[in-house]
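**Q** Input: one structure, supplied below.
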Amino acid sequence: MNLEHLPFIPRKRTGSDWVLLFAPVRMMLVWFLTRLSWWLVGLLVLYAVSGITIVQPDEVAVVYRWGAIRNAGTAQAIAKPGMLLALPKPFERVHRIPVQKVFEQKVEGLHFRAVGQMTFLSSSTLNPEKVGYALTGDGNVVHVSFSVNYQIEDPIVYTVQIEDVAPMLDHIVRSIALQQIAERPVDSILSDGREAMVQAISKSTSTELERLNLGIRIVSLEMVDLVPPYQIKDEFSAVQTSAIEAETAIQEAEEYRAEQLPKAQTTYNRQVSKAKSESTQTLATARAEALVFEQLALEAKEHPEVVYRRLLQERLGVIGKNAGDIRFVPPPLGSRYPEGYRILLEREP
Amino acid sequence: MDQPLMENPVSSTSLKRLRMVVVVLALIAIGYRASSTIVSEGTSAIVVRLGNPARVLPNPGLYFTLPWPIEEVVSIDTRRRTFETQHTEMLTKDKKNVVLVSFVIWSVSDPLKFFQSIGDIETADEKLNGLVTNAKIGVLGKYDLTALASTDTTLLKTKEIEIELLSLTQTLAAEQYGIAIQHIGFSRLSLPKENIRAVFQQMRAERKKFAVEFRAKGDEQASRIRAITDTEVSQIEAKMTQEVAELRGEAEAQSAKIYADAHSKDPELYRFIRSLETLEDVIGPKSTLILRTDAAPFDVLVEE
């Protein structure tokens, strides 16, 4: 049956049709092939040098030859910064390791941040599968999180023996933190014992990393957050307020003391000084008056009438000025006292 | 077909040579790919011949095998890795429920055994979970909760529990699964959520007690400081009064002696002067002074 006359059925292509169809492709291929010797040389050169690697100043490199570390077990196994000659893949493979870089690992498994949402805050309890926390030695609960900075210490161990160091470090820090928190009372953890606890966790972590030989070392370990449960927040705030109030009362008492003691001392000094001054004055006056009296007495011995009269007259002048009224009376006849006076004293009613 | 396609056609000799090179290279590549395997550092490989493990390639390097489907190479990651057990409640010796989550640092120690008994990492995690949890339930039943959390450090036995768990699981994991457990630690220690309410109540009561204690201690200390201050101020004032009195008394005594010494030289004159001074003090605006006209000095005004 001849199908060539039927509509919608494609005609079977002959060989010459295929040649015509792929003629442009063939032309391009031939064009490339005529120049392939240069391209090939170029590509071969590029391929040959593709293994050469520049190791940056903060890196070292390990070369794997057929999957095994080149010069394994020798100092040459780790290539220092600079140009590193290596064969191209698949013969050799270069792995650069940033040994100077400080990596950060957040440890949030004992904190509610690890949950990623805060719906548990309205709950009256904590679901351990959803919310991280640590038990304290006195049966309380705290949320705690850390940030660990570390560097690669042993590039071979780090790259060859450990699948992923980050979760390992996370678990180790959590484990040590749990132990340290579990032996301390909550008040020590939240206040004065906090610093010592962080230091203990950091030290224990370093020791544990060394024991487990993970190829890393701790640069620093910081406590990012340490809080009591949200559900007890108000009670903790009340304690804090009480502590502040107590401290304020003590401070006010200290202020009172700081004010009253110097004040009393100042009064003491002033009064004693005044008394000394007055004593000196009293003695000076006494001495002066005694001296005057002695002089007067000497004079009175020699001229008694003059002295007595003068004294009387001087005083009488003053007395007369002070008196409300002065009356004169004639002397009585045959008076025995040629000079005499009477005084009438009138008291106020 | 033999017509030149371009003005500068490729010679047939060159084309043939090139084709040969390409074909040889392709054959080498295919042969290499099909019959070689590279075992990297941190891995081991098992050559499986027609479904049966034929040999283990424990060290890194280039190995040659028969092409697939005769031989197949299964790579096993032998690097250390971590696994965390699931949250499971368990009972302590003192009948307290705790949720103790552990982590395990492990690696494949026997690739062939691992391949035959487990096969992959995910299954290994499941096996380890069962192994460690089972051991944990048994071990924890021998310790009180205070062995895990207590302010009395002599009661804490966390390290001992970890070591006991390790010794219980290490041999089993190695013998059954070809797994080396390097370390078991506790990454979470929690109480069941039902118990946390009681913990919260206890914490609240404790906080209230502390708040009252703080306030009372503050007040007591402040009162003591004030009382001590008042006492010290009183002591200073008393000392001041005494010293002032002593100074004044001494001065008065000395002056009295001075006066006495002086006045003893002429007591009559002293009495006269004192009398006049007394009069000066006594005579005031309400007093009437009556003087005789012949009294001095008014006598000078009277005619004889």
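**Q** Taking the condition surrounded by fewer than 19 Cβ atoms within 10 Å (Cβ to Cβ), facing chain B (nearest Cβ under 10 Å) and within 25 Å of B:Asn195 (Cβ to Cβ), does A:Ser175 pass? It would help to see each step written out before you state the result.
**A** On the way: surrounded by fewer than 19 Cβ atoms within 10 Å (Cβ to Cβ): no; facing chain B (nearest Cβ under 10 Å): yes; within 25 Å of B:Asn195 (Cβ to Cβ): yes.
For A:Ser175, the condition - surrounded by fewer than 19 Cβ atoms within 10 Å (Cβ to Cβ), facing chain B (nearest Cβ under 10 Å) and within 25 Å of B:Asn195 (Cβ to Cβ) - is not met.
**Q** Criterion first (open to solvent by 50 Å² or more (accessible area, probe 1.4 Å), modelled with pLDDT under 90 and more than 7 Å from chain A (Cβ to nearest Cβ)) does B:Glu220 satisfy it?
**A** Answer is no for this residue.
**Q** For region B:68-77: of the residues being assigned to a strand (DSSP E or B) and over 15 Å from B:Ala124 (Cβ atoms), which is nearest to the other protein chains (Cβ to nearest Cβ)?
**A** The extreme case among them is B:Val73.
**Q** Among (1) open to solvent by less than 10 Å² (accessible area, probe 1.4 Å); (2) within 28 Å of B:Glu194 (Cβ to Cβ), which single condition is A:Asp225 missing?
**A** (1)
**Q** Just the residues that are open to solvent by less than 80 Å² (accessible area, probe 1.4 Å) and more than 7 Å from chain B (Cβ to nearest Cβ), please, taken from region A:251-266.
**A** Result: A:Ala258, A:Pro262, A:Thr266.
**Q** Can you spot a residue in region B:255-269 that is open to solvent by 70 Å² or more (accessible area, probe 1.4 Å), of a type in the set (Ser, Thr, Tyr) and within 30 Å of A:Arg257 (Cβ to Cβ)?
**A** Within region B:255-269 (the criterion being open to solvent by 70 Å² or more (accessible area, probe 1.4 Å), of a type in the set (Ser, Thr, Tyr) and within 30 Å of A:Arg257 (Cβ to Cβ)), the answer is no, since none of the residues qualifies.
**Q** Looking for whichever is modelled with pLDDT under 90 and open to solvent by 70 Å² or more (accessible area, probe 1.4 Å) here; the options are B:Arg274, B:Arg248. Which one fits? Explain how you work it out, then say what you get.
**A** Working: B:Arg248 fails: modelled with pLDDT under 90.
Answer to the check: B:Arg274.
**Q** Answer yes or no as to whether A:Arg113 is open to solvent by 50 Å² or more (accessible area, probe 1.4 Å), of a type outside the set (A, V, I, L, M) and away from chain B (no Cβ under 13 Å).
**A** Considered against the rule, which asks whether it is open to solvent by 50 Å² or more (accessible area, probe 1.4 Å), of a type outside the set (A, V, I, L, M) and away from chain B (no Cβ under 13 Å), A:Arg113 comes out as yes.
**Q** For residues in region B:196-217 being buried (at least 16 other Cβ atoms within 10 Å of the Cβ) and not basic (Lys, Arg), which is farthest from A:Val141 (Cα to Cα)?
**A** Only one residue fits best here, namely B:Phe214.
**Q** Inside region A:290-320, can you point out the residues that are open to solvent by 90 Å² or more (accessible area, probe 1.4 Å) and either closer than 19 Å to B:Thr278 by Cβ or not acidic (Asp, Glu) (or both)?
**A** Selection gives A:Leu291, A:Val292, A:Gln295, A:Leu298, A:Lys301, A:Val306, A:Arg310, A:Glu314.
**Q** Now a separate question. Does B:Thr229 fit the bill of being modelled with pLDDT of 90 or more, farther than 30 Å from A:Ala300 by Cβ and among the β-branched types (Val, Ile, Thr)?
**A** yes
**Q** Which pairs have Cβ atoms under 6 Å, sit 6 or more apart or on different chains, and link a residue in region B:50-74 that is farther than 23 Å from A:Lys89 by Cα to one that is of a type in the set (S, T, N, Q)?
**A** Within 6 Å, the pairs are B:Glu71/B:Thr65.
**Q** To continue, here is another question. Within region A:202-250, work out how many residues are among the charged types (D, E, K, R) and within 12 Å of chain B (Cβ to nearest Cβ). If you could, list the steps in order and put the result at the bottom.
**A** Of all residues in region A:202-250, those among the charged types (D, E, K, R) come to A:203, A:208, A:210-211, A:217, A:222, A:225, A:233-235, A:245, A:247.
Checking the rest, the ones that are also within 12 Å of chain B (Cβ to nearest Cβ) come to A:208, A:211, A:233-235, A:245, A:247.
Residues in region A:202-250 being among the charged types (D, E, K, R) and within 12 Å of chain B (Cβ to nearest Cβ): 7 in total.
**Q** Among the residues of region A:321-338 satisfying the criterion of being at pLDDT 85 or above and small (Gly, Ala, Ser), which is most open to solvent (accessible area, probe 1.4 Å)?
**A** The qualifying residue most open to solvent (accessible area, probe 1.4 Å) is A:Gly324.
**Q** Let me ask something else about it. If B:Ala124 passes every condition in (1) farther than 15 Å from B:Tyr177 by Cα; (2) out of contact with any Ser or Thr (no Cβ under 8 Å at 6 or more places or on another chain) but one, which one does it miss?
**A** (1)
**Q** Further question: Would you point out the residue of region A:132-158, among those that are of a type outside the set (A, V, I, L, M, F, W, C) and either in a strand (DSSP E or B) or at positive phi (or both), that is farthest from the chain's Cα centre (by Cα)?
**A** Within region A:132-158, the subset of a type outside the set (A, V, I, L, M, F, W, C) is A:132-133, A:136-140, A:143, A:145, A:147, A:149-151, A:153-155, A:158.
Now restrict to residues that are either in a strand (DSSP E or B) or at positive phi (or both): A:139, A:143, A:145, A:147, A:149-151.
Values: A:Gly139: 28, A:His143: 19, A:Ser145: 17, A:Ser147: 16, A:Asn149: 18, A:Tyr150: 22, A:Gln151: 25 Å.
Among those that are of a type outside the set (A, V, I, L, M, F, W, C) and either in a strand (DSSP E or B) or at positive phi (or both), it is A:Gly139.
**Q** Something else: Output the residues belonging to region B:20-47 that are aliphatic (A, V, I, L, M), more than 9 Å from every other protein chain (Cβ to nearest Cβ) and open to solvent by less than 50 Å² (accessible area, probe 1.4 Å).
**A** B:Ala26, B:Ala34, B:Ala45, B:Ile46, B:Val47
**Q** Could you list, in sequence order, the residues of region A:313-327 that are more than 20 Å from B:Ala262 (Cβ to Cβ), more than 7 Å from chain B (Cβ to nearest Cβ) and not basic (Lys, Arg)?
**A** Residues satisfying the conditions are A:Leu316, A:Gly317.
**Q** If you take the residues in region A:182-219 that are buried (at least 17 other Cβ atoms within 10 Å of the Cβ) and in contact (Cβ under 8 Å) with a residue 60 or more places away in the chain, which one is nearest to A:Ser237 (Cα to Cα)?
**A** Only one residue tops the list, namely A:Ile218.
**Q** A further question follows. Return the residue satisfying two criteria in turn: it lies in region B:48-60 and is in a strand (DSSP E or B) and more than 14 Å from A:Trp66 (Cα to Cα), and of such residues it is farthest from the other protein chains (Cβ to nearest Cβ).
**A** Once the filter is applied, the top-ranked residue is B:Asn52.
The values are calculated or read from the model by the stated rules, or taken from the named source; none is laboratory data. Since the model is a prediction, treat every value here as computed from it, not as a measurement. Every residue, glycine as well, gets a Cβ built from its backbone with ideal geometry; the counts of neighbours run over all protein chains shown. In case anyone asks, the SASA skips ligands and DNA or RNA and just uses the protein heavy atoms, side chains included. Shrake-Rupley method; radii C 1.70, N 1.55, O 1.52, S 1.80 Å.
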